[in-house]
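The values are calculated or read from the model by the stated rules, or taken from the named source; none is laboratory data. Since the model is a prediction, treat every value here as computed from it, not as a measurement. In this analysis, Cβ positions are derived from the backbone assuming ideal geometry, glycine residues included, and neighbour counts consider all displayed protein chains. For accessibility, only protein heavy atoms count, side chains too; no ligands or nucleic acids. Shrake-Rupley method; radii C 1.70, N 1.55, O 1.52, S 1.80 Å.
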Amino acid sequence: MRIDSIEKLDKWRKECRRTFEAPKRKVIVCLGEGCLANGSEEVFNEFKKLVAEKKIPDVTVESVAKTGCHGFCALGPLVIIEPDGTFYTKVSKGDVAKIVDKTLIGHEIIDKLLYTDAKTAEKVANYEKIPFYARQQRISLRHCGTIDPHKITDYIAVGGYAALGKALTTMTPQQVIDEITKSGLRGRGGAGFPTGKKWATCAKAPADVHYVICNGDEGDPGAFSDRTTMGSDPHSVLEGMIICAYAVGSHQGYIYVREEYPLAVVTLQKAIDEAKQHGLLGEHILGTELSFDIKISRGGGAFVCGESSALMRSVAGEVGEPRAKYIRSVIKGLHDQPTVLNNVETYATVPAIVERGADWFAGIGTKKSTGTKVFSLAGKIKNTGLVEVPMGITLREIIFDIGGGVPDGRKFKAVQTGGPSGGCLPEGKIDLPVDFDSLTEAGSMMGSGGMVIMDDRTCMVEVARYFLSFLVSESCGKCVPCREGLYQLRELCAKVCDGEATEEDLALMERLAKTIKVGSLCGLGQSGPNPFLSTLLYFRDEYLAHIRDKKCPGGVCRKLITYAITDACTGCMACISVCPVHAITGERKKKHVLDKNICDRCGSCYAVCKFDAIEIS
Amino acid sequence: MTYRYTVNPSRCTGCRTCELACAFTHTQEQKPGRSRIYPIAYGPDRFVPVTCLQCDDASCVKSCLFDALKRNETTGAIELDKDRCVNCRACVAACPFGCALVDDVHDQVVKCDLCGGSPACARFCPTKALEYKRIA
Amino acid sequence: MVQMTINGKVVKAPDGEMLLTVIRRQGIDVPALCDHAAVEPCGSCRMCLVEITREDWNGWKKYVTSCLYPSENGLIVSTHTPELQEIRRNIMDLYLARCPGSELVQKMAEEYGLTRTSYKTIPEGDNCIMCYACTRICEVLGRNAISAVHRGHAKVISGPFDDPPPDCIGCLSCANICPTDVIEWHDQDGTRAIWGRTFDLISCRQCGKGIITRDFAEYLKEKRQIPADYFEICDDCKRVELARKMGGLVDLAKEVAS
Ligand SMILES: Cc1cc2nc3c(=O)[nH]c(=O)nc-3n(C[C@H](O)[C@H](O)[C@H](O)COP(=O)(O)O)c2cc1C
Ligand code: SF4
Ligand code: SF4
Ligand code: SF4
Ligand code: SF4
Ligand code: SF4
Ligand code: FES
Ligand code: FES
């Protein structure tokens, strides 16, 4: 069916809503990538099978629905029973029969499958009451986990393409741009450039052809919010892009998807096909003058391909290498034509703004960073996952209230924000409001919203070395400061870790970092020294401990630590069996002995000891 | 004002003054360049001073893939832009008269540039076999 | 024409001309390792960095590569501030770690008082400074035979997939443009070897001297419509032939006259 007018769209929406809301009770199984990896497809099929067999009056096969990611993948496979909002975690195929009998038929809650609050250790039955969700405000992720990403009808049912209809029929392109500008929306891909301003510049650039590109390269290790959005709510991204195309006068769009995201590609392609079938994409969208097509472009497989000039070369079929440019890509981008490049999250936010108005959006967050931002919580944190929160919320709220704090009774030490080239913020900055400007001021950055939490058993020099290694391997190698400089900076960091560096080396590192920062060609090099600079800024004493005292305060750097066995040893022999160099000897039930001269400091014993009897100093 | 470079072989005595004049005019780093002009004997005591004809549809210009050869509209000479030339020697191979040459001392391709409008060969030629004449 | 200030001096330049060209015309020596007149600038060496600002930037300034930044009205350019010299020195220090054997690098590093690198010398380093002059000239030529392969620190200039480049025609433009002479080639027995390939050289029909590769001649013939027989005789023999032909005409004229 082709939807060639607003009236038809409204009519269709009513039908879709009827189907979507038909089942009184629903069993929602998460089939997002995280849960899929943990076997949620089996769970889903089992539900379908058992529900069909049992013939429950208010639960039919249609009641078993699948959705995309809920952002809490570490607890997957997730199952939610609506309308009660009963939230089951880590559901296995074997649990399904029990859920069907007890919960679906018996209206009973199965305690064992409930979420345990990270702070209070209490079981929480309803997912809206879980702090992880309760504190969030979802705009970009608004449909993730509520609709089936493979059904355009689900999207229509929850109000999809209404914003596009509104823009096309009641607003001029200029009014759309004004609305986005007024909302204060800033790019979610890293630099936080005002989106309205970008669109306005592109729209004004004189040329016959304008392009609209969506950056779905998501190269930061640990970040997966763009993948989630593309895979769980693809139409929001498409709708945002179509609105942008209308605003800037474009007929061709591209979604650049990271090589490693094949499932997202499938989902997006299905969404594109469905949208085209229904006249929401392609020629004469919604029966108007607007014609716009979207193609998927597969990524070049390198971190640097996410950089705008490299990305555009890659889309054009060239080597994905940054190009030095003095003319911005909004004016001369893909094929030298004016091009808008925005991040996935940026586009997914656009329909919400158009629908609900700039003032609504601007009222959320802070004055200069409006709206919400998605963060990927990872590392030493109880609740790993995706969270969307208003800008200006403090790090403390994100890490402790939503994330549940640091596990295993350890102490929080630092949080790394902004991906590999972001920076580490110490405990002293825990009450920092999270927005573009305050993060940058504190020596880190927003980046794509990665947050890696570290506990007190982390060596900050080692952290710097780790991220520098990533950047060294991802540097495209075109310009000298980045190619040679980051390499040497990493080598010097390693020298510090090995306890072989001098204070002159540290001074050399600081000089080098500055040269890389100002001398590099693209953003990768320019932000490359950040892991070093921010750890040095907040943890200089740790660097000095390695250099002067030959000690690693975090107890990580192999060459500077010794392992010993304390009186807590019960003589369980676990360590003896794992030690690869046979440095530990002893008899059962007697305290073991560790020979420091043989010990290779691999940490295997520390990892297996259940009695905390291995001491690192 | 238009000038024309003319060669009158019957006056050439093979003295090779032009060669010297050319080489010294094109001195670089105190080393004389390779002469772009050669009086060549074609019989006993009979010589032709062979030098670039600054052809209208010049093969050297056509063969240079880097636009290093361009006509100087004032002098009419086809000049080689040293900064652009990469010594690929396409022009050397393409000139039908062998008048784009390799200067081994400076490791460079060279050709007659009419000395920027005052050809030394003509100035020094004792018999006026070479002349640079005003024609309009 | 636009008006700018370079190191305190008011300078006029054509709109859009790259700063490096303008600066050099002023007789100011800004170092550059990847710049060449025959190819588009690429900004890889970063030595030509200069500081720019404007009246209306309220003291804000930035560093740009002058080889890639077009002239515009009102720019205030500084080419040798202590910060810039420090950056250039650090870059040469890095080059020295990567290409310790390159004379070009040694010479330029010395200008910044460096005789040995402050960093770890890179074991697998060679003299290629990754200036991309070779790949860019091959691109201008229209062959695109070689390119930079691999990423980051492992990047090297090579044929596709590190194999001998099938599109190479053995013209030597890359080897000749290379500022550090690292591209190996040699002519022997009527053949030329470069990039792991061997090409037939056309030898002069008269004296046997090698001229250019047959592939290069074919390419010129096809691309620039130069008759094939032009390439069959070397320049020396062609001059002799011209003398003979012209001499014949002179003699004929004399005969007719007498
Ligand atoms: C090395 C590097 C990698 C980048 N990777 C990404 C990425 O994976 N995804 C992204 O959206 N932006 C990435 N960016 C930022 C983009 O260049 C660009 O600023 C962004 O896509 C613009 O969209 P926005 O205004 O919506 O943020 C990267 C930048 C650099 C320098
Ligand atoms: S800064 Fe790094 S990634 Fe960017 S162009 Fe230079 S070498 Fe490539
Ligand atoms: S060098 Fe040869 S081809 Fe070029 S103008 Fe002179 S004579 Fe003609
Ligand atoms: S040798 Fe120089 S002038 Fe001659 S064709 Fe090659 S680049 Fe052009
Ligand atoms: S020799 Fe081969 S690789 Fe080098 S410039 Fe010529 S065609 Fe290109
Ligand atoms: S081989 Fe020579 S020309 Fe090519 S990048 Fe290396 S240094 Fe530059
Ligand atoms: S995939 Fe199920 S919660 Fe993320
Ligand atoms: S000459 Fe400008 S970057 Fe190398």
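Descriptive notes on the structure:
- Search result, residues across the range A:502-529 that are away from ligand 1 (no atom under 16 Å from the Cβ) and open to solvent by 40 Å² or more (accessible area, probe 1.4 Å): A:T502, A:E503, A:E504, A:A507, A:E510, A:R511, A:K514
- Selection within the range C:201-258 - outside any strand (DSSP E or B), open to solvent by 20 Å² or more (accessible area, probe 1.4 Å), more than 8 Å from chain B (Cβ to nearest Cβ) and under 23 Å from C:C174 (Cα atoms): C:K209, C:R214, C:D215, C:E218, C:K221, C:E222
- Looking only at the range C:126-145, residues that are more than 9 Å from every other protein chain (Cβ to nearest Cβ) and part of a loop (DSSP other than H, G, I, E, B) come to 7 in all.
- Residues that are under 23 Å from A:D435 (Cα atoms) and buried (at least 24 other Cβ atoms within 10 Å of the Cβ) within the range A:453-463 comprise just one, A:I453.
- Tally of residues being β-branched (V, I, T) and under 19 Å from B:I37 (Cβ atoms) across the range C:217-258: 2
- Among strands (runs of 3 or more DSSP E) entirely within the range A:316-406, having at least 1 residues that are in contact (Cβ under 8 Å) with a residue 60 or more places away in the chain and over 28 Å from A:I180 (Cβ atoms) singles out A:372-379, A:385-390.
- Of all residues in the range A:545-581, those that are assigned to a helix (DSSP H, G or I), hydrophobic (A, V, I, L, M, F, W, C) and free of Cβ contacts under 8 Å to residues at least 40 places away in the same chain total 5.
- Filter result for A:C202 (over 25 Å from A:Y155 (Cα atoms), in a helix (DSSP H, G or I) and open to solvent by less than 30 Å² (accessible area, probe 1.4 Å)): yes
- Pairs where the first residue, in the range B:25-52, is away from chain C (no Cβ under 11 Å) and the second is exposed (fewer than 15 other Cβ atoms within 10 Å of the Cβ), C-beta under 6 Å, 6+ apart: B:K31/B:V105; B:P32/B:F24
- Some residue of the range A:542-553 being surrounded by 23 or more Cβ atoms within 10 Å (Cβ to Cβ) and at pLDDT below 95: yes
Conditions tested, residue by residue: (1) away from chain C (no Cβ under 14 Å); (2) at pLDDT below 95; (3) more than 16 Å from ligand 4 (Cβ to nearest atom); (4) in contact with a strand residue (DSSP E or B) (Cβ under 6 Å, 6 or more places away or on another chain).
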site: A:E46; (1), (2), (3), (4): yes, no, yes, no
site: A:E53; (1), (2), (3), (4): yes, yes, yes, no
site: A:E62; (1), (2), (3), (4): yes, yes, yes, no
site: A:V79; (1), (2), (3), (4): yes, no, yes, yes
site: A:K119; (1), (2), (3), (4): yes, yes, yes, no
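Listed here are the residues, each with its yes/no results for (1) outside any helix (DSSP H, G or I); (2) out of contact with any Lys or Arg (no Cβ under 9 Å at 6 or more places or on another chain).
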residue	(1), (2)
A:D4	yes, yes
A:R18	no, yes
A:I28	yes, no
A:G34	no, yes
A:E53	no, yes
A:P77	yes, no
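- Candidate set from the range C:37-76 (those that are over 26 Å from the mean Cα position of the chain (by Cα) and surrounded by 16 or more Cβ atoms within 10 Å (Cβ to Cβ)); member that is farthest from the other protein chains (Cβ to nearest Cβ): C:I76
- Summed over the range A:81-139, residues that are part of a loop (DSSP other than H, G, I, E, B), touching a residue at least 24 places away in the same chain (Cβ under 8 Å) and small (G, A, S) total 4.
- Positions within the range C:213-254 being of a type in the set (D, E) and either over 18 Å from C:R192 (Cβ atoms) or touching a Gly at 6+ places or on another chain (Cβ under 7 Å) (or both), in sequence order: C:D215, C:E222, C:D229, C:D235, C:D236, C:E241, C:D251
- Single residue of the range C:172-195 satisfying the filter (more than 28 Å from B:D83 (Cα to Cα) and in contact with a Ser or Thr (Cβ under 9 Å, 6 or more places away or on another chain)) that is surrounded by the most Cβ atoms within 10 Å (Cβ to Cβ): C:T191
- Selection status of B:V86, near ligand 4 (Cβ under 8 Å from one of its atoms), surrounded by 15 or more Cβ atoms within 10 Å (Cβ to Cβ) and closer than 30 Å to C:S203 by Cβ: yes
- Those residues of the range C:148-171 which are among the small types (G, A, S), open to solvent by less than 50 Å² (accessible area, probe 1.4 Å) and within 19 Å of A:S475 (Cα to Cα), in sequence order: C:A148, C:G152, C:S158
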